[in-house]
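Asks: Here it is, the structure in full.
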Amino acid sequence: MTTSLTIPFNAPCLIGKETAYMQAAMANRHLSGDGRFTQSCQTLLQELLDLPKALLTTSCTHALEMAALLLDIRPGDEVILPSFTFVSTINAFVLRGAQPVFLDIRPDTLNLNEALLEAAITPRTKAIIVVHYAGVGCEMDVIGNLASRHGIPVIEDNAHGLFGSYRGKRLGTFGRLATLSFHETKNFTCGEGGALLINDPALIERAEILREKGTNRNRFFRGQVDKYTWVDVGSSYLPSDLLAAFLLAQLESYEAIQARRRFIWERYERELADWAAAQQVRLPLVPASCDQAYHMFYMLLPGLRQRQQLIAHLKNEGILSVFHYLPLHLSEMGQRFGGYEGMCPETERISDMLVRLPFFYNLRDEEQTRVIETIRNLRLEL
């Protein structure tokens, strides 16, 4: 029996230039937000995703908070979202007084079930939030058409999906707004960080104001006004340029990072396929319409007992695997907003079945071999 975990679930990606870029940021004597490296990250994201504006933020949570402010979410407004997501997806809107409307997920991609969407729309619906789970795109054709017909903005929580695509179009470029995460568990990281992607140019100027504590400071630096002042609500959503320097090294190497992650993901899929079929375990499904972002590799076990058996078996061999989201509608807060057991049955079922395997850029081939062989040696108690 192994007494300590030797293969973690995640380890931050290090590509090579992070330290040099951070030293350059220190040499520039500009460590606060919107310095040279912040601007470089934003420009690169805009070019790679072909969108009007990207603004780095201190977290994906803060990017979502900016989205709620930009859409002028107010008390009593309803926001539709999947129950199977991280708490930040809805917290940003609840902070503005919104009422969450939790929808169930599809059993195949674990994304919001678009077939349930239209029935959930009311005159009070002010936003539809989609989450591209595991970096696999939601059915954006259906969702976009419904939202357009009802005049409701779509926000993409794209924390998992940077550089994924749906029908050839990059995730994060469908909604009026989208958000990214650069937390250390993501494909690209600066430890803690995020970005707001703005696909509606009409929102850019106000977004800059909100991000700069409600001031028109950006206009001042562009020479558009001779002094800056308080003009709107806002907060301090700018990350340090030191963090942006770390992030730029990763974004510049996105092809190498994604290629390695794809190799790891496809090896898991290939070498666990027979074991999964024999043990009644389902591997991830990626529709032909989607190019995934290779954010995670998960498996759906037959039930909670088997899921816990696998996690314990791996832990006993020094390998850390983890489950994922608990249904938001069943949480203490979710029930205060009207959530109840049976409200989203697929979400409740999937939450008990899902386990995520170690998956990160620096995962060595021999480590992955050990994970695979350890799983293959297990016979589930069906």
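The values are calculated or read from the model by the stated rules, or taken from the named source; none is laboratory data. Here the structure is a predicted model, which is why all the values come from computation and not from measurement. Heads up, the Cβs are rebuilt from the backbone with ideal geometry, glycines too, and the neighbour counts pull from every protein chain shown.
Asks: Quickly run through segment 357-382 and pick out the residues that are closer than 14 Å to residue 276 by Cα and either at pLDDT below 95 or surrounded by fewer than 19 Cβ atoms within 10 Å (Cβ to Cβ) (or both).
Replies: Of everything in segment 357-382, those that are closer than 14 Å to residue 276 by Cα and either at pLDDT below 95 or surrounded by fewer than 19 Cβ atoms within 10 Å (Cβ to Cβ) (or both) turn out to be 372, 373, 374, 376, 377, 378, 379, 380, 381, 382.
Asks: Looking only at segment 218-272, which residues are in a helix (DSSP H, G or I) and of a type in the set (D, E, K, R)? Step through it out loud before you land on a result.
Replies: Narrowing segment 218-272 to residues in a helix (DSSP H, G or I): 218-221, 241-252, 254-272.
Within segment 218-272, 219, 241, 252, 255, 260, 261, 262, 266, 267, 269, 270, 271 qualify.
Asks: Another question, if that's okay. Has segment 330-344 got any residue that is acidic (Asp, Glu), surrounded by fewer than 14 Cβ atoms within 10 Å (Cβ to Cβ), closer than 30 Å to residue 89 by Cα and out of contact with any Cys (no Cβ under 8 Å at 6 or more places or on another chain)? Step through it out loud before you land on a result.
Replies: Of the residues in segment 330-344, the ones acidic (Asp, Glu) are 332, 341.
After this cut, where a residue has to be surrounded by fewer than 14 Cβ atoms within 10 Å (Cβ to Cβ) as well, the list is 332, 341.
Imposing the further condition that a residue be closer than 30 Å to residue 89 by Cα reduces the set to 332, 341.
Going one step further and asking which of them are out of contact with any Cys (no Cβ under 8 Å at 6 or more places or on another chain), we end up with 332, 341.
Scanning segment 330-344 turns up at least one residue that is acidic (Asp, Glu), surrounded by fewer than 14 Cβ atoms within 10 Å (Cβ to Cβ), closer than 30 Å to residue 89 by Cα and out of contact with any Cys (no Cβ under 8 Å at 6 or more places or on another chain).
Asks: If you check 65, 78, which single one turns out to be of a type in the set (Asp, Glu) and surrounded by fewer than 21 Cβ atoms within 10 Å (Cβ to Cβ)?
Replies: Details: 65 fails: surrounded by fewer than 21 Cβ atoms within 10 Å (Cβ to Cβ).
Of 65, 78, the one residue that is of a type in the set (Asp, Glu) and surrounded by fewer than 21 Cβ atoms within 10 Å (Cβ to Cβ) is 78.
Asks: Taking the conditions exactly as written (outside any helix (DSSP H, G or I), of a type outside the set (A, V, I, L, M, F, W, C) and either closer than 22 Å to residue 112 by Cα or out of contact with any Ser or Thr (no Cβ under 9 Å at 6 or more places or on another chain) (or both)), does residue 334 satisfy them or not? Steps first, please.
Replies: Details: outside any helix (DSSP H, G or I): no; of a type outside the set (A, V, I, L, M, F, W, C): yes; either closer than 22 Å to residue 112 by Cα or out of contact with any Ser or Thr (no Cβ under 9 Å at 6 or more places or on another chain) (or both): yes.
Here the answer is no, as residue 334 does not meet what is asked.
Asks: Restricting attention to segment 17-32, does a residue exist that is over 19 Å from the mean Cα position of the chain (by Cα), on the phi < 0 side of the Ramachandran plot and of a type in the set (Lys, Arg)?
Replies: Taking segment 17-32 first, the residues over 19 Å from the mean Cα position of the chain (by Cα) are 17-32.
So of that shortlist, the ones also on the phi < 0 side of the Ramachandran plot come out as 17-28, 30-32.
Checking which are of a type in the set (Lys, Arg) leaves us with 17.
The answer is yes, given that some residue of segment 17-32 is over 19 Å from the mean Cα position of the chain (by Cα), on the phi < 0 side of the Ramachandran plot and of a type in the set (Lys, Arg).
Asks: Identify all residues within segment 82-130 that are touching a Pro at 6+ places or on another chain (Cβ under 7 Å), surrounded by fewer than 23 Cβ atoms within 10 Å (Cβ to Cβ) and part of a helix (DSSP H, G or I); write none if there are none.
Replies: 94, the sole residue that qualifies.
Asks: Taking only pairs six or more apart or across chains, which ones have beta-carbon atoms under 9 Å, a first residue in segment 177-205 that is more than 22 Å from residue 129 (Cα to Cα) and in the same structural domain as residue 216 (by TED's automatic domain parsing), and a second residue that is modelled with pLDDT under 95 and of a type in the set (S, T, N, Q)?
Replies: Filtered contacts from segment 177-205: 205/216; 205/218.
Asks: Can you tell me how many residues in segment 21-73 are at pLDDT 95 or above, of a type in the set (Ser, Thr, Tyr) and either under 30 Å from residue 97 (Cβ atoms) or outside any helix (DSSP H, G or I) (or both)?
Replies: Residues meeting the conditions: 4.
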